[in-house]
Amino acid sequence: MSSSTDDSKQISIMQENREILQEFAFFSALPVKAIKLLAFVAERQHFNTKDTLFEEGDDYGRAYIILTGELTLMKKNQTKQNVVQHFHQGDLLGTFSLLGVMPSLFLLKASSDTTVLTIAREHFTKIQEQFPEATALSLKALLREVYQWERRNLTKAEICCLNQTGATIL
């Protein structure tokens with residue numbers, strides 16, 4: 001394979017990564033140059049069914065965008081793992097971990113063969129250093145996402161469970 005073919009393929013993947021990142025409010029508010037850099041450093045990873053991405057207590061330090069497949073979030077009680085939620089193609093997970101150390105309260109496993117696009121905290125931190133406005137823009141987008149998430153969940157919550165809501169009041 002020629003070098004120009006390799007270069008063309010890399011540019012194509014970077015362009016695809018940039019388009020994917022721009023679909024998410026957390027990234028789309030960033031300066032165009034910052035998104036381009038993130039697209040360049042983003043990594044695609046493949047996980048087989050039942051592979052563990054991270055366990056409870058791990059500081060996984062990256063965001064995941066599901067390109068194909070399904071991931072299952074689980075919480076262990078005394079005797080077994082309980083399914084909390086399933087995530088599918090187009091879902092973004094782990095944005096909190098880009099902003100700082102945050103040990104996971106959950107286990108995340110591939111429930112089918114899955115490909116993800118990942119952004120590592122170390123790369124995101126470098127973007128924040130190069131583009132000082134990135135931190136404020138990211139926090140604003142993240143706060144909006146938390147608000148919308150809690151609002152959706154309040155409409156589904158039963159009266160008995162309302163005392164477990166209130167993340168937006170923190």
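For the chain, adding -39500 (n - 2.57) for each run of n ≥ 4 DSSP H residues and dividing by the number of residues yields -13000 deg cm²/dmol at 222 nm. Available extension along the chain between residue 105 and residue 76 is 9.5 nm, counting 0.36 nm per residue and deducting the alpha carbon span. Among 101, 32, 146, the largest mean-square fluctuation in a Gaussian network model of the chain, built with springs joining Cα atoms closer than 10 Å, belongs to 146. Does the chain come out rounded, prolate or oblate by the C-alpha gyration tensor, with a ≥ b ≥ c the root eigenvalues, rounded set by a/c under 1.5 and, if not, prolate when a/b is larger than b/c and oblate if not? Oblate, because a/c is 1.5 or more while a/b does not exceed b/c. Legend: residues 106, 40, sorted from most to least accessible area (1.4 Å probe; ligands, DNA and RNA excluded), read 40, 106.
Compared with the direct C-alpha span, the chain from residue 86 to residue 133 gains 13.6 nm at full extension, assuming 0.36 nm per residue. For the chain, the longest piece that avoids every one of the trypsin sites (Lys or Arg not before Pro) found in DSSP loops with at most 13 other C-beta atoms within 10 Å covers 81-170. Here the Gaussian network model covers the chain, with springs between Cα atoms less than 10 Å apart; of 19, 122, 158, 158 fluctuates the most.
For the listed residue pairs 36/140; 9/36; 9/126; 36/109; 36/156, the alpha carbons are over 27 angstrom apart in 36/109; 36/156. Computed extension length for residue 113-residue 68: 15.4 nm, one decimal, from 0.36 nm per residue of separation with the Cα-Cα distance subtracted.
For the chain, modelled as a GNM whose springs connect Cα atoms under 10 angstrom apart, the maximal fluctuation among 154, 92, 139 occurs at 154. Calculate, for residue 154 and residue 96, the FRET efficiency according to 1/(1 + (r/R0)^6) with r their C-beta to C-beta distance and R0 22 Å; round to the nearest 0.05. Plugging the Cβ-Cβ distance into 1/(1 + (r/R0)^6) gives 0.60.
Dipole magnitude for the chain: about 340 debye, using +1 per Lys or Arg Cβ and -1 per Asp or Glu Cβ, origin at the Cα centre.
The values are calculated or read from the model by the stated rules, or taken from the named source; none is laboratory data. Please read these numbers as outputs of a predicted model, since none were measured by experiment. FYI the Cβ positions are ideal-geometry reconstructions off the backbone, even for glycines, and counts take in every protein chain you see. Heavy atoms of the whole protein, side chains included, go into the accessibility calculation; ligands, DNA and RNA do not. Shrake-Rupley method; radii C 1.70, N 1.55, O 1.52, S 1.80 Å.
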